[in-house]
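A quick write-up on the structure given underneath.
The values are calculated or read from the model by the stated rules, or taken from the named source; none is laboratory data. Everything quoted here is computed from the prediction, not taken from an experiment. Counting neighbours? That spans all protein chains shown, and the Cβs are built from the backbone with ideal geometry, glycine included. These accessible areas exclude ligands, DNA and RNA; they are computed on the full protein's heavy atoms, side chains included. Shrake-Rupley method; radii C 1.70, N 1.55, O 1.52, S 1.80 Å.
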Amino acid sequence: MPAGSHRFQVGSISCTVLTDGYCGYPTSWFFPTAGAEELFQALEARRISQETVLSPLVCLLLETGQHVVLVDTGAGESVPTAGAVIARLEVEGIRPPDIDTVVLTHAHPDHVGGALDARSRPAFPNARYILGEPEWDFWMAERVDLHGLRVPGELKDTFAPKARRCLTALRHHVELVDRELEILPGVWVIPAPGHTPGHLALLLASDGQRLLNIADAAAHPLHLEHPEWENGFDLAPARALATRRDLLERAVAGNMHLMAFHFPFPGVGRVAARTSSGWEWTPGW
Ligand SMILES: [Zn+2]
């Protein structure tokens, strides 16, 4: 298990990355379109498993002095190797009622699984829950079309019931956003569709420093080095690639730090455009 938390400042905003745990997936789910030999070499060069991707889940706690914000809630109790975020918050001196804003980047189970408590009530009782309006519309529609995902059907079939259960329980607490919006001073949500229809990125800007949290717009650093490699969890792969490109170009142009929910802990670093194609990931803040 990686260390539990990592602190840094974005100007006057105190940031703490909190690990919720990890999930393990077959490598082909993460890189369904990568060439076999190229993927083999890339994994070999990083000395990571050819068969399994161990994918961390990292939530972000923001303390502005006025507000206490949690970005994504982890997988909750459904995943035996995850669900640690509440305990991590307690270590940081934060109790669930202290959180006044929860940003749900999207409604996949590893991001909303911790949003409800064991009795299916909002786990953060005093919070407003920010969610993309297209995300709500997608999961709450009569028919949820997940044919774009390249993961097994048994897994796909679990997504909509989990999302609907969570969103239904949060229905009096959600605030839906349909455009780029400053939700708190220095904290912006940015529509970043493709992974899911209402997927959101988050931009922090304070005192000249900036962090762009791209959530699941890239699920692994290899998705930066090889931007043409799709992620099997992306519902609309072409749209997801375009969004990934837009966000990374924005980060480079704006000299921003980057954060990604599934990158190796603590998931924070910098990107630079490579001369050939794609981007180089350098971890650290
Ligand atoms: Zn995810």
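A few notes on this one:
- Scanning the stretch 267-285 for residues that are open to solvent by 80 Å² or more (accessible area, probe 1.4 Å) and under 17 Å from the mean Cα position of the chain (by Cα) turns up Arg270, Pro283.
- For the stretch 203-222, the set of residues classified as assigned to a loop (DSSP other than H, G, I, E, B), in contact with a Ser or Thr (Cβ under 7 Å, 6 or more places away or on another chain) and away from the ligand (no atom under 11 Å from the Cβ) consists of Asp207 only.
- Exactly one residue out of Asp145, Asp157 is away from the ligand (no atom under 16 Å from the Cβ), closer than 23 Å to Asn231 by Cα and assigned to a loop (DSSP other than H, G, I, E, B), and it is Asp145.
- Count of residues meeting criterion [within 15 Å of the ligand (Cβ to nearest atom) and either without any contact (Cβ under 8 Å) to a residue 40 or more places away in the chain or crowded, with 22+ Cβ neighbours inside 10 Å (or both)] in the stretch 236-266: 8
- Given (1) open to solvent by 20 Å² or more (accessible area, probe 1.4 Å); (2) of a type in the set (Ser, Thr, Tyr); (3) under 29 Å from Ser12 (Cβ atoms), number of the condition Thr168 does not satisfy: (3)
Conditions (1) away from the ligand (no atom under 16 Å from the Cβ); (2) under 24 Å from Arg239 (Cα atoms), marked per residue:
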site: Pro161; (1), (2): yes, no
site: Arg164; (1), (2): yes, yes
site: Leu170; (1), (2): yes, no
site: Glu175; (1), (2): yes, no
site: Asp178; (1), (2): yes, yes
site: Pro185; (1), (2): yes, no
site: Pro191; (1), (2): yes, yes
site: Thr196; (1), (2): no, yes
site: Ala201; (1), (2): no, yes
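Conditions tested, residue by residue: (1) over 21 Å from Ala107 (Cβ atoms); (2) in contact with a Lys or Arg (Cβ under 9 Å, 6 or more places away or on another chain).
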site	(1), (2)
Pro191	no, yes
Arg210	yes, no
Val271	yes, no
Pro283	yes, yes
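- When Glu135 is tested against (1) free of Cβ contacts under 8 Å to residues at least 40 places away in the same chain; (2) part of a helix (DSSP H, G or I); (3) within 15 Å of the chain's Cα centre (by Cα), only condition (1) is not met.
- Residues in the stretch 153-165 that are open to solvent by 30 Å² or more (accessible area, probe 1.4 Å), without any contact (Cβ under 8 Å) to a residue 24 or more places away in the chain and of a type outside the set (Lys, Arg): Gly153, Glu154, Leu155, Asp157, Pro161.
- For the stretch 131-189, the set of residues classified as touching a Ser or Thr at 6+ places or on another chain (Cβ under 9 Å) and of a type in the set (Phe, Trp, Tyr) consists of Phe138, Trp139, listed by residue number.
- Taking strands (runs of 3 or more DSSP E) as the structural unit, no element lying wholly within the stretch 8-86 holds at least 3 residues that are in contact with a Cys (Cβ under 9 Å, 6 or more places away or on another chain), at pLDDT below 95 and open to solvent by 10 Å² or more (accessible area, probe 1.4 Å).
- Long-range neighbours under 8 Å by Cβ, at least six apart or interchain, first residue aromatic (Phe, Trp, Tyr) within the stretch 175-197, second in a strand (DSSP E or B) and open to solvent by less than 20 Å² (accessible area, probe 1.4 Å): Trp188/Leu202; Trp188/Leu203; Trp188/Leu204
- Scanning the stretch 92-132 for residues that are in contact (Cβ under 8 Å) with a residue 24 or more places away in the chain and part of a loop (DSSP other than H, G, I, E, B) yields a total of 20.
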